[in-house]
Amino acid sequence: MSIAVEVSLLSGKTATVQAGLHETVETLAQRAQVVLGVGKGRLLDSFGVVLDGCAKITNTRIQNRDSLILHVNRVQIQCANCSFAAILGDGSVATWDSGDGGDSSAVQDKLKDVQQIAATNNAFAAILGDGSVVTWGFGDSGGDSSAVQCQLEHVQQIQSSDCAFAAILGDGSVVTWGHADFGGDSSAVQGQLKNVQQIQASVNALAAITGDGSLVTWGHADFGGDSSAVQGQLTNVQQVQASSAAFAAILGNRCVVTWGHAGFGGDSSAVQGQLKNVQQIQASSAAFAAILGDGNVVTWGGAAYGGDSSAVQTQLKNVHQVQAASAGAFAAILGDGSVVTWGAAGAGGDSSAVQEKLKDVQQIQASRAAFAAILGDGSVVTWGIPLFGSNSTAVQGQLTNVQQIQATGGAFAAIVGDGSVVTWGHADYGGDSGAVQDQLRNVQQIQATSRAFAAILGDGSVLTWGPPPFGGDSSTVQEQLKSVSVLLARTDDQDTRPRASKVPDFTPATSLEAMPEKRGTKEKPLRSKPSKPRALQRRLSVSVDELAACPGSLDFRRQSSSMKENLIIISPTGPHCDSSKMCRAPDEINKKGIGDFPCVMSITVEVSLLSGKTATVQAALDETVETLAQRAQIALGVGKGRLLDCSGVVLDGGAETADCQIRNGDVLTLHVKTVQIQCARSSFAAILGDGSVVTWGAAGQGGDSSEVQEQLKDVQQIQSSIAAFAAILGDGSVVTWGLPLFGMLRNVQQIQATGGAFAAILGDGSVVTWGHYLDDSGGDSGAVQDQLKNVRQIQAARWAFAAILGDGSVVTWGRDDFGGDSSAVQDQLKHVQQIQSSDFAFAAILGDGSVVTWGHADFGGDSSAVQGQLKNVQQIQAAERAFAAILDDGSVVTWGDAGSGADSSTVQTQLRNVQQIQASGGAFAAIVGDGSVVTWGPAVYGGDSSAVQGQLTNVQQIQASGGAFAAIAGDGSVVTWGDPDSGGDSSAVQCQLKQVQQLQASDRWFFAILDDGSVVNWGGGDGGSDPVPFPDQLKAVR
């Protein structure tokens, strides 16, 4: 015997479907999907109850001629570091990965009725319809929630750091789990975490806004986890934004309070008087930009990262939006549609070449170091570094009627009016979609990891492209992804793609006391809060006929004016709302635009560290920025930090991503501050958690700071020469000790040192140099002083300096034959992005990925033998006499002195998918994609790791002394090799080396910072002696 039922979509489209009584509900649903032309979904009965797909129809209350609803969920694709998880239309989950925590097979049976997914670097957490949570992935990244599983009930929202999750429960309390140093342990403030509304994150800290407007912070104190200094000011907090290591809070009176690292925007005292009537704050990795009520902009933080907008201040009027590239540039859209840029010129801070074209700009998207602007006529203008997607000339003719742009770290993808996709930029970042171009039709949405794209088509299927390790290959789950549900129900002849000028959002109205829920003869009111996933499910499960029967209780909103069918979003209004404003008729709704009827979707962003390491992270628009930050921390393998948007503005961790105007494909920066231990030749200096300094070693060479100890407070950074130290304080002043050098400086942004001299970048971009330990070591910059303006960065060799200016050119001084004279290559030094140095030579990476070298040839100053190979260079590392460059394909090119690591021929076949390189005095160690290590160079410098090769698995970080290496493994233990007297033998302290968070090294010593903040040291051997006493204060370094 069979029955016939009518199945409806929320759009109103219906179909009659038949099924036998002994067939399953899933079979009935599949037939309805085919007839209605949609993807997977869940069937709800006429009372709004989700039907069990596995149940036989005869065992349910489905009757002949019943009216059922097919609920097709919105698409959600979430990503960890190298893994994806997609929620299908029926609430199940499909995952694909490169072995980094994305395998959900162990919990697949539990992944039903999934409402939302959050991700850390290497783990996922899914909220189910009943408010419980299922986790999978690496346990120390939050994949194991067993310790708090019984507390995870009525979960409303989950935020994530790199290696930890934080869940806000229905009663406003918070449950955290995962790595303790990433925010997984909130026990110290648990009593304060009540009625929490939002959570925001810096790189290593979390900030929660409670219902009374107060703020609770926890995590690493140096990254904003300690707000005690401003706690009395943090009342009626409305929004919090974060850079990598500082927070900025907007209060109810629209003033701003900042805390955290001063060099990253934690000190706004210089502009505090201007920070009034602040409407919005954006952040780069190390600077903030605040839009005021009158449309003016105030900036502060690192000048090189956009914290100084003085050059364009008079143009920053009537600003509507600010965007940032993670490399340190801002772009502001003004009210007249023009654009003003500032910050790092080579990374998009200089738009002069395209300024005349930047008119009627609607939206700006950013890769790591390039911008793409959509104009009102649908064309696109790009600028920045070509390697990162600024050169769109090859596809410019195709870029017409562009609707939306998404970006990875080095490429862009644009959806045009006919639903096709145009890509450009670096091929290894998804800039070449040729392999799937013919399939990219009727594209509705694009998501991105750091180096790969995923496009959702109109039929709900998904196409991916880009490097497989970054999610570009979804072939293992392609069959499942052929029926991912579409975001908008539609008819085939209608265009439902979102316009680029609108940010899709979903803002349900207040609470719902809606129609009776008919279950048998009983009637129960539906009561729910809009933030609950279950409430969203029920709101979308009500039939159109039932809505019409309840005037005044619900608000009909259609999704898009371009759709022929009426997709209705039901926004609960409450019993006391004006019924005249409810139940708008379809004809009235047709007059509305998409901006009036927000939709639900997720975004994918690229998150970068200041080191250049990147990861792609995904979040739903209704998830908080804190969740996004936590996922980024896990993906990048770092501690707690703050997210800064592509404009350099610190994002409010408690705010939803939609409210922060984070766009799909944005490039964000995760700002992490770490413990600093700096060394001179025979002395050490450590910055403690309270900003004070401890020194030890040779007293006359910096080991004794007693004469300036009272001044060493709120220290932000320490730099050293051979026999002296210089510390930058929070107010930008400098304190020095060791060999007598100079008086006090002010407003210092950065200090760099050669063997006998210092160079400081001041707030106005000028440079001050000093030092006389050795003649001609860079302490006298008089010959080039007039050229040292708008300096962005300084690099130092042993006896020379090289400064990158704002226009990408380079100025050098010091010993001519050791890199101080760059005249032979001066005309090539344009659009310089980064400079690295050996002892007596420099190597500069240009904007096109090529390399220019100068200095002593025996120290790598001559790269002519490998110049043809030096293309698309991503990173350069240097030993004393050699260089090693990582190319974009993960291979390595070396040059310099063959006996000091410049000859990598014996391991060249192993150097594939290299992620990071570290160098000792004469050898190199490379971490490859699978976490193993490849070494080369003389054994006396650590070039032979064969004795410990079996232990070098899942390596997270490598540090080097002058003659040895130390690696942190995934379990927090340490493996060492190389010269025992330089720290290559850690056996005497091996039992203490557990839960190691970070390694620091001098020429002959290693220092391991443990998760409890204590420090373990080894090395410095000279026949077993211990010439450098270790201070007691460092037993609790933070």
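The values are calculated or read from the model by the stated rules, or taken from the named source; none is laboratory data. Treat the numbers as computed from the prediction; the structure is a model and nothing was measured. Ideal geometry is used to build each Cβ from the backbone, glycine not excepted, and the neighbour counts take in all protein chains shown.
Quick notes
- Filter result for VAL34 (under 20 Å from GLY91 (Cβ atoms) and surrounded by fewer than 15 Cβ atoms within 10 Å (Cβ to Cβ)): yes
- There is no residue in the stretch 192-206 that is small (Gly, Ala, Ser) and more than 16 Å from ALA632 (Cβ to Cβ).
- Residues (more than 14 Å from SER837 (Cα to Cα) and among the acidic types (Asp, Glu)) located in the stretch 854-896: ASP888, ASP889
- In the stretch 240-263, the residues that are in the same structural domain as GLN198 (by TED's automatic domain parsing) and closer than 11 Å to GLN280 by Cα form Cβ pairs under 6 Å with partners that are polar (S, T, N, Q) and crowded, with 24+ Cβ neighbours inside 10 Å, at six or more places apart or across chains, as follows: VAL240/GLN200; ALA248/GLN241; ALA248/THR258.
- Residue list for the stretch 694-719, restricted to those being at pLDDT 75 or above and either under 31 Å from the mean Cα position of the chain (by Cα) or part of a loop (DSSP other than H, G, I, E, B) (or both): GLY702, GLY703, ASP704, SER705, LEU712, LYS713, VAL715, GLN716, GLN717, ILE718, GLN719
- Enumeration of residues in the stretch 865-884 that are under 19 Å from GLY819 (Cα atoms) and crowded, with 22+ Cβ neighbours inside 10 Å: ILE876, GLN877, ALA878, ALA879, ARG881, ALA882, PHE883, ALA884
- Residues in the stretch 76-96 that are under 14 Å from SER474 (Cβ atoms), modelled with pLDDT under 70 and either out of contact with any Phe, Trp or Tyr (no Cβ under 8 Å at 6 or more places or on another chain) or surrounded by fewer than 23 Cβ atoms within 10 Å (Cβ to Cβ) (or both): 1 in all.
- The residues listed here are ARG815, ARG792, ARG798; of these, the one that is under 17 Å from ALA327 (Cα atoms) and among the charged types (D, E, K, R) is ARG792.
- Residue within the stretch 223-231 that is out of contact with any Asp or Glu (no Cβ under 8 Å at 6 or more places or on another chain), of a type outside the set (A, V, I, L, M, F, W, C) and in a helix (DSSP H, G or I) present: yes
- Residues in the stretch 402-457 that are among the basic types (Lys, Arg) and either within 15 Å of VAL605 (Cα to Cα) or crowded, with 24+ Cβ neighbours inside 10 Å (or both): ARG451 only.
- Screening the stretch 959-1021 for strands (runs of 3 or more DSSP E) wholly inside it with 1 or more residues that are in contact with a strand residue (DSSP E or B) (Cβ under 6 Å, 6 or more places away or on another chain) and at positive phi returns the ranges 974-978, 1015-1019.
- Where strands (runs of 3 or more DSSP E) fall wholly inside the stretch 399-479, the ranges with 2 or more residues that are in contact (Cβ under 8 Å) with a residue 60 or more places away in the chain and within 22 Å of the chain's Cα centre (by Cα) are 402-407, 411-416, 443-448.
- Qualifying position, being touching a Cys at 6+ places or on another chain (Cβ under 9 Å), buried (at least 21 other Cβ atoms within 10 Å of the Cβ) and part of a loop (DSSP other than H, G, I, E, B), among GLY143, GLY102: GLY102
- Within the stretch 903-919, considering residues that are over 30 Å from the mean Cα position of the chain (by Cα) and not charged (D, E, K, R), the one farthest from ASP981 (Cα to Cα): THR909
- Filtered residue count, the stretch 790-842, keeping only those that are part of a strand (DSSP E or B), surrounded by fewer than 23 Cβ atoms within 10 Å (Cβ to Cβ) and among the charged types (D, E, K, R): 0
- Filtering the stretch 843-858 to residues that are in contact with a Lys or Arg (Cβ under 8 Å, 6 or more places away or on another chain) and either in a strand (DSSP E or B) or modelled with pLDDT of 95 or more (or both) leaves only LEU846.
- Residue count for the stretch 115-142, restricted to those that are in contact with a Lys or Arg (Cβ under 7 Å, 6 or more places away or on another chain) and of a type in the set (Ser, Thr, Tyr): 1
- Matching residues in the stretch 973-993 - criterion: being crowded, with 18+ Cβ neighbours inside 10 Å and under 16 Å from VAL1015 (Cα atoms): VAL974, GLY983, SER986, LEU993
- Subset of the stretch 9-31 [surrounded by fewer than 21 Cβ atoms within 10 Å (Cβ to Cβ) and either hydroxyl-bearing (Ser, Thr, Tyr) or part of a helix (DSSP H, G or I) (or both)]: THR14, THR16, THR24, GLU26, THR27, GLN30, ARG31
- Test: residue in the stretch 119-127 that is surrounded by fewer than 24 Cβ atoms within 10 Å (Cβ to Cβ), outside any loop (DSSP other than H, G, I, E, B) and modelled with pLDDT of 80 or more: no
- Scanning the stretch 943-968 for residues that are of a type in the set (A, V, I, L, M), surrounded by 18 or more Cβ atoms within 10 Å (Cβ to Cβ) and more than 12 Å from ALA925 (Cα to Cα) yields one hit, ILE968.
- Taken together, the residues in the stretch 595-620 that are touching an Asp or Glu at 6+ places or on another chain (Cβ under 6 Å) and modelled with pLDDT of 65 or more amount to 3.
- In the stretch 1-13, the residues that are under 14 Å from LEU44 (Cβ atoms) and not aliphatic (A, V, I, L, M): GLU6, SER8
- Verdict on GLY178 being crowded, with 24+ Cβ neighbours inside 10 Å and touching a strand residue (DSSP E or B) at 6+ places or on another chain (Cβ under 8 Å): yes
- Flag for VAL768 being surrounded by fewer than 22 Cβ atoms within 10 Å (Cβ to Cβ), in contact with a strand residue (DSSP E or B) (Cβ under 6 Å, 6 or more places away or on another chain) and under 23 Å from CYS679 (Cα atoms): yes
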